[in-house]
1. Within segment 342-363, take every residue that is modelled with pLDDT of 80 or more and either β-branched (Val, Ile, Thr) or touching a Ser or Thr at 6+ places or on another chain (Cβ under 6 Å) (or both) and give me the one that is farthest from Thr149 (Cα to Cα).
2. Answer yes or no: is there a residue in segment 6-16 that is surrounded by fewer than 16 Cβ atoms within 10 Å (Cβ to Cβ) and among the small types (Gly, Ala, Ser).
3. Restricting to segment 132-156, and then to whatever is of a type in the set (Val, Ile, Thr), surrounded by fewer than 18 Cβ atoms within 10 Å (Cβ to Cβ) and assigned to a helix (DSSP H, G or I), can you tell me which residue is farthest from the chain's Cα centre (by Cα)?
4. Please specify each residue of segment 206-227 satisfying the condition of being surrounded by 20 or more Cβ atoms within 10 Å (Cβ to Cβ) and farther than 15 Å from Thr287 by Cβ.
5. Would you say Val126 is over 29 Å from Met348 (Cβ atoms) and in contact (Cβ under 8 Å) with a residue 24 or more places away in the chain?
6. State which residue pairs qualify: first residue under 14 Å from Pro259 (Cα atoms) and inside segment 275-293, second residue part of a loop (DSSP other than H, G, I, E, B) and open to solvent by 10 Å² or more (accessible area, probe 1.4 Å) in any location, beta carbons under 7 Å apart, and separation of 6 or more residues or different chains.
7. Please state which one of Asp339, Asp377 is open to solvent by 80 Å² or more (accessible area, probe 1.4 Å), modelled with pLDDT under 80 and part of a loop (DSSP other than H, G, I, E, B).
8. Condition (residue is at pLDDT 75 or above, open to solvent by less than 20 Å² (accessible area, probe 1.4 Å), part of a helix (DSSP H, G or I) and of a type outside the set (S, T, N, Q)) applied to segment 298-314: is it met by at least one residue?
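The values are calculated or read from the model by the stated rules, or taken from the named source; none is laboratory data. Given the structure is predicted, the values throughout are model-derived calculations rather than measurements. For neighbour counting, all protein chains shown are included, and Cβ atoms are generated from backbone atoms with ideal geometry for every residue, glycine included. Protein only, heavy atoms only, side chains kept; ligands, DNA and RNA dropped before computing areas. Shrake-Rupley method; radii C 1.70, N 1.55, O 1.52, S 1.80 Å.
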Amino acid sequence: MKRVVVNICRLLLAVVFILSGFVKAVDPKGTQYKIEDYLQAWQLGGLLPDVATMTLSVGLSMLEFCIGIFLLFAIRRRLSSRLSLLMLAVMTPLTLWLALTDPITDCGCFGDALVLSNWQTFWKNVVLLAAAIVVSCWPKEMIRFVSKTNQWIVVNYTILFILVIAGWSLYDRPQFDFRPYHIGTNLREGWQRTMEGEDLPYAEFFLSRVDNGEDITEQVLYDEGYTFLLVSPHLEQADDSQLDLINQMYEYAQDNGYPFYGMTASGRQAIDHWRDMTGAEYPFCQTDDITLKTIIRSNPGLLLLKDGIIVRKWSHNLLPDEYDLSEPLETSELGQLPDDSVMRRIVMLLLWFVLPLALLTIADRLWAWTRWIRRKDGLEEKRKKIITLI
């Protein structure tokens with residue numbers, strides 16, 4: 001019974017840590033924003049540079065994911081169980097403080113994939129803390145799925161996998177987008193329902209022209225054609241390595257009659273500096289900076305709307321080039337919703353991570369079984385020899 005209880009607790013912890021680490025890794029910028037929210041709540045905002053908070057973001061996601069995988073496979077049983085206990089011993093009092101004071105509405109444990117209230121998060125951590133105590137008391141009761149000889153393969157592959165996921169999500173965009181502005185979102189419909197009083201996360205979405213203060217939100221969302229939106233929460237911090245491609249996109253939009261707007265929370269001085277530096281001629285609109293950070297995890301990033309629906313999103317690192325822009329959007333692949341569905345990405349995840357580990361586990365168990373058979377046969381042969389000698 002003790003072994004059953006320990007392994008149930010171990011699997012519960014493994015699933016939660018794997019899920020928590022993975023959703024953080026696919027959206028490291030979102031985790032970075034949440035870390036900055038915590039620092040603001042502790043009156044420490046601005047103390048750490050962006051590179052430090054980003055390092056914390058990636059490091060936290062890697063640590064949680066690795067702890068989960070190590071618990072799942074019963075790798076380094078004492079160490080992994082103690083690390084899970086240590087993390088929950090820290091997080092449980094922290095979430096109690098969040099529940100009592102409510103400085104942040106969401107702890108960010110599961111990113112945007114699963115939003116829990118602060119009290120829900122606290123009670124969740126209480127249950128997990130109890131499970132971690134059980135596992136830490138009897139770590140040797142965890143059943144191994146992979147022998148000690150081959151554990152190094154799982155360890156190295158897990159670390160490499162989660163770092164690649166986090167790195168690619170930073171370079172391009174989150175591979176799984178759980179935010180209300182993912183590709184395929186009918187932004188027009190969502191904004192309209194919000195204006196009618198429904199509780200949807202589009203209340204802070206607006207476009208106010210910088211030059212004359214005109215609100216053009218309805219004009220943009222109800223446009224029947226294509227509209228490009230260059231999103232930069234803060235132009236002062238925007239990456240300027242792809243200015244030529246951005247200007248090329250604007251020229252392409254002009255040639256084909258597609259509206260093109262810049263969206264930023266920066267003031268007029270920053271906008272004028274951007275125009276002087278880049279030669280930008282497109283109009284700018286001001287928008288809430290949190291909304292812009294939610295829309296796209298790139299500064300700058302490019303959004304393409306068609307009939308109020310988000311058709312495409314591009315990081316500044318992977319903007320279309322002249323070869324992609326050789327024809328109008330109406331007849332181009334760029335003007336259509338991409339075919340990389342969520343199910344396809346899940347299948348790719350299974351093929352690249354779950355399947356290799358499953359095959360390793362099967363091969364390892366077969367190897368262990370054949371070794372046990374050989375040892376048994378060897379003992380039987382020795383017994384026969386002894387009997388013969390007698």
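1. My answer is Val354.
2. Checked against the condition, which is being surrounded by fewer than 16 Cβ atoms within 10 Å (Cβ to Cβ) and among the small types (Gly, Ala, Ser), segment 6-16 yields no hits at all.
3. Thr149
4. Correct list: Tyr226 only.
5. yes
6. Filtered contacts from segment 275-293: Pro283/Asp211; Phe284/Val210; Cys285/Val210.
7. On the way: Asp377 fails: part of a loop (DSSP other than H, G, I, E, B).
Just one listed residue meets the conditions, Asp339.
8. So far as segment 298-314 goes, no, none of its residues is at pLDDT 75 or above, open to solvent by less than 20 Å² (accessible area, probe 1.4 Å), part of a helix (DSSP H, G or I) and of a type outside the set (S, T, N, Q).
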